[in-house]
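Trainee: Have a look at the structure that comes next, please.
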There are 2 protein chains.
Amino acid sequence: MPTSGRRPTSPGGSARTVPVETRIHFQEELSALELQALGGLDMVAESLERTLEAVLHHDVELAGYVIADDDRIDGRYLEVRQGILSLLARQAPVATDLRLIAALLDLIRNFERMGDQCVNISKLVPLVGREPPVHPEIITRIERMMRQAISQVQQCKQAFARRDVELAEDLVRQDDEIDRCNREIFALVLETGDDPDAREWGMTMMLVARQIERVGDNAVDIGEQTAFVVTGEFREFTDASHPDAVPPAIGLSAGPRGE
Amino acid sequence: MPTSGRRPTSPGGSARTVPVETRIHFQEELSALELQALGGLDMVAESLERTLEAVLHHDVELAGYVIADDDRIDGRYLEVRQGILSLLARQAPVATDLRLIAALLDLIRNFERMGDQCVNISKLVPLVGREPPVHPEIITRIERMMRQAISQVQQCKQAFARRDVELAEDLVRQDDEIDRCNREIFALVLETGDDPDAREWGMTMMLVARQIERVGDNAVDIGEQTAFVVTGEFREFTDASHPDAVPPAIGLSAGPRGE
């Protein structure tokens, strides 16, 4: 364990004793970092759009673009994380700012993972072949799930930016739609006939659906961080071990949460 | 955005000007928080053991226990997180300690998610029925994956505690075993005959396998945090968008990373 010294905060320090420029500068830096972090969610929404296009049109080239472009999202994550650490090293923030900083550290991890989920889906695109045996009812649900996920990414961004706890909590209700599609896809794949290609395509779509489900979970996580910033209390909107806290869901993997 | 004042760090502050007791106290608190955080990984390893038992013996009661017991893991997460925020609010740490603090915030999120992954698997146990049509080659691989995941949880804990970057990097190699089993299970399920029960059981095991894969990913994440604490540089050991950086893997979803 590193045993290094530390800089003390002035015990009698208060907002009044801090030079005004210092305070303004800190606030400006923190606001800029928040904007950068929220911008990461815009990058993810774009990447999700492209991923959906790639899946719908078996566009291997576009899928390759999504995979390569994830570097930008990773870069944004590293940039904001470094900015936050550098800010913390220079000045001890008060409790309210600390909450925001802790929430931002979680939020950037969430969008970085959403980027990885786009990559994981895009990697599946070339594996289903040029003219895969598309099952219309399955692909319709994949598209619906993905549009829902994109809308949740936009909603969690808005909720966080506005510190809107109600909008953040609504994400759980939104996420039910994704969970429902996910269960329906499982049932449809189960009913797929004996054609091995059709079965493989269906099982691959099941994997795509699971990745989209995780994007939705990440959006709910950001909603939880929103509530934490506002209230100072961290709680899971739905708890993996207490699914009854949300509207009852029936069937396979009802309401699992968590990454 | 909250606009609150903040307490300044003493600009001329250095280790020498901090009262010795203050420094010792800070260090003791941080060490205690690290031990608590690493203890969360022990709780996860236990929960994974029970989850495996529940899957192997279709033990619905034990699965229910795992689900209920996740509250303890969640509690540990909240406890350490609160402790870290409270520590940060009282004193501005120096850069080395900040790295440890940032890494611990990530680590606790990882073990909290591993707990959720145990819950997600345990929820699948009652769905396969009392006497499911077990495919021996599939269940063997599920067991192998799970034992591998448990060993990775122990390894990432050890690597972090010892600040052992080499041991941390070895987690990627370990994780290849999980990825291989995962691909084999996909292929085996694809070959499953037309019996609907056998097919449903196989597809459910595919979902179990994906959850175990995520436990492994979380262990690799903790390995990355270990390297960050030691070197101050954050990098992904394997990058979702650059799978070629790791030993080449062939087939479906080769080397996807990220939660």
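Trainee: For A:Val80, only one of the following conditions fails: (1) within 7 Å of chain B (Cβ to nearest Cβ); (2) touching a Leu at 6+ places or on another chain (Cβ under 9 Å); (3) part of a helix (DSSP H, G or I). What is its number?
Mentor: The number of the failed condition is (1).
Trainee: Next up: Out of B:Ile84, B:Ile138, B:Ile108, which single residue is buried (at least 18 other Cβ atoms within 10 Å of the Cβ) and more than 15 Å from A:Leu105 (Cβ to Cβ)?
Mentor: When all the criteria are applied, what remains is B:Ile138.
Trainee: Yes or no: region B:155-174 includes at least one residue that is closer than 30 Å to A:Arg183 by Cβ and among the polar types (S, T, N, Q).
Mentor: No, region B:155-174 contains no residue that is closer than 30 Å to A:Arg183 by Cβ and among the polar types (S, T, N, Q).
Trainee: What's the number of the condition A:Arg50 fails, among (1) surrounded by 15 or more Cβ atoms within 10 Å (Cβ to Cβ); (2) part of a helix (DSSP H, G or I); (3) at the interface with another protein chain (Cβ under 10 Å from one of its Cβ atoms)?
Mentor: Among (1) surrounded by 15 or more Cβ atoms within 10 Å (Cβ to Cβ); (2) part of a helix (DSSP H, G or I); (3) at the interface with another protein chain (Cβ under 10 Å from one of its Cβ atoms), A:Arg50 violates only (3).
Trainee: What is the residue count in region A:62-83 for residues that are farther than 21 Å from B:Phe237 by Cβ and at pLDDT below 95?
Mentor: Residues meeting the conditions: 1.
Trainee: Based on what the data block shows, is A:Asp97 under 18 Å from A:Val220 (Cα atoms) and in contact (Cβ under 8 Å) with a residue 60 or more places away in the chain?
Mentor: Taking the combined requirement at face value, the residue does not satisfy it.
Trainee: Could you check B:Asp71 against (1) under 30 Å from B:Met205 (Cβ atoms); (2) buried (at least 18 other Cβ atoms within 10 Å of the Cβ) and say which number it fails?
Mentor: So the condition that B:Asp71 fails would be (2).
Trainee: Given the criteria modelled with pLDDT of 95 or more, assigned to a helix (DSSP H, G or I) and of a type in the set (Gly, Ala, Ser), does A:Ala89 qualify?
Mentor: no
Trainee: Determine which single condition B:Thr226 fails, assuming it passes every other condition in (1) touching a residue at least 60 places away in the same chain (Cβ under 8 Å); (2) within 11 Å of another protein chain (Cβ to nearest Cβ).
Mentor: Checking B:Thr226 against (1) touching a residue at least 60 places away in the same chain (Cβ under 8 Å); (2) within 11 Å of another protein chain (Cβ to nearest Cβ), the one that fails is (2).
Trainee: B:Arg130: at pLDDT 95 or above and either in contact with a helix residue (DSSP H, G or I) (Cβ under 7 Å, 6 or more places away or on another chain) or among the basic types (Lys, Arg) (or both), yes or no?
Mentor: Against the criterion (at pLDDT 95 or above and either in contact with a helix residue (DSSP H, G or I) (Cβ under 7 Å, 6 or more places away or on another chain) or among the basic types (Lys, Arg) (or both)), B:Arg130 does not qualify.
Trainee: Consider B:Ala54 against the criteria (1) modelled with pLDDT of 95 or more; (2) within 28 Å of B:Ala168 (Cα to Cα): it satisfies all of them except one. Which criterion is unmet?
Mentor: (2)
Trainee: Just one of B:Gly258, B:Gly251, B:Gly193 is more than 30 Å from A:Ser86 (Cα to Cα), at pLDDT below 75 and not in a helix (DSSP H, G or I); which is it?
Mentor: It is B:Gly251.
The values are calculated or read from the model by the stated rules, or taken from the named source; none is laboratory data. What you see is a predicted model, and the numbers here were worked out from it, not measured in a lab. Methodologically, a virtual Cβ is constructed for each residue, glycine included, from the backbone with ideal geometry; neighbour enumeration extends over all protein chains shown.
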